[in-house]
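Down below is the structure, laid out as structure tokens.
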Amino acid sequence: MGNWCIPRFLVTGWSDRQPVLSMVRVTVAPAVSMSIEAGLAGFLRRHGRHERAGFQLYGAAVSAARDPFLYGTLGVPDTLDGRFDAIGLYVYLVIRRLNADPEPGPTLAQAVFDAMFLDMDINLREMGVGDLSVGKRNRAMWEAFHGRSAAYAAAWGDAAGLEAALARNLWRGAEPPAGSAVAMARLAVAQAACLAGQRLDALLRGDIHFLPAEEAAR
């Protein structure tokens, strides 16, 4: 087994409870390490100008989506699926904000999306998912993210519709705790308003901030 240091601008932590946006040392088999390194090298070649900002924005979304208020108070499931769905909501809000601007906003939005799914790929490999299964699992998560994003976009501006979409996707058919779906809808709208006030030039540097979840959900 070999040790491999994930660069600081790469985010992991969806699959566990470790802090995000930090240097993480993981122990991986040499073949997995080579696969991860190859994936990173390909990503850097394709996205040389915006990849660092994309990872930083994605990392900030992950950090915001790990706010304990979401899980402890609102009852979002603190599971692999629940954390994936919470991260997906925050990444959707970032991409929505970036796509509201002309270029290079949409290009940076693509870099955020790519950072998310490179991170998911790495997390799956750290969890021991084999090469033949990683692609299928990643595609399933890609499709889930796109479906959720489309549902949120279609319901945007309709408070009841957004509440229903969030309840359906964050709790996956289970009944949310009383008032939690309404609070999540308020949170999503408040975070979107917060992001709308942030300049594209700052976002291009990877600078972004979110409201604390408890404040946004009021």
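Here are the numbers for the structure shown:
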| quantity | calculated |
| --- | --- |
| Number of the exception - residue 193 against (1) within 21 Å of residue 67 (Cβ to Cβ); (2) under 17 Å from the mean Cα position of the chain (by Cα); (3) at pLDDT 95 or above; (4) not charged (D, E, K, R) | (2) |
| The range 60-79 - residue that is within 15 Å of residue 116 (Cα to Cα) and of a type in the set (A, V, I, L, M, F, W, C) and, of those, surrounded by the most Cβ atoms within 10 Å (Cβ to Cβ) | 61 |
| Flag for residue 153 being farther than 26 Å from residue 49 by Cβ, in contact (Cβ under 8 Å) with a residue 24 or more places away in the chain and either surrounded by fewer than 18 Cβ atoms within 10 Å (Cβ to Cβ) or among the charged types (D, E, K, R) (or both) | yes |
| Pairs with Cβ under 8 Å, 6+ apart, first in the range 89-108 and under 17 Å from residue 56 (Cβ atoms), second among the polar types (S, T, N, Q) and crowded, with 22+ Cβ neighbours inside 10 Å | 90/191; 93/191 |
| Residues located in the range 162-197, provided they are farther than 18 Å from residue 83 by Cα and either touching a residue at least 40 places away in the same chain (Cβ under 8 Å) or not in a helix (DSSP H, G or I) (or both) | 178, 179, 192, 195, 196, 197 |
| Conditions (1) in contact (Cβ under 8 Å) with a residue 40 or more places away in the chain; (2) surrounded by fewer than 18 Cβ atoms within 10 Å (Cβ to Cβ); (3) polar (S, T, N, Q); number of the one not met by residue 138 | (1) |
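The values are calculated or read from the model by the stated rules, or taken from the named source; none is laboratory data. Just so it is clear, the model here is predicted, and its values are computed rather than measured. Here the Cβ is made from the backbone with ideal geometry for all residues, glycine too, and neighbour counts use every protein chain on show.
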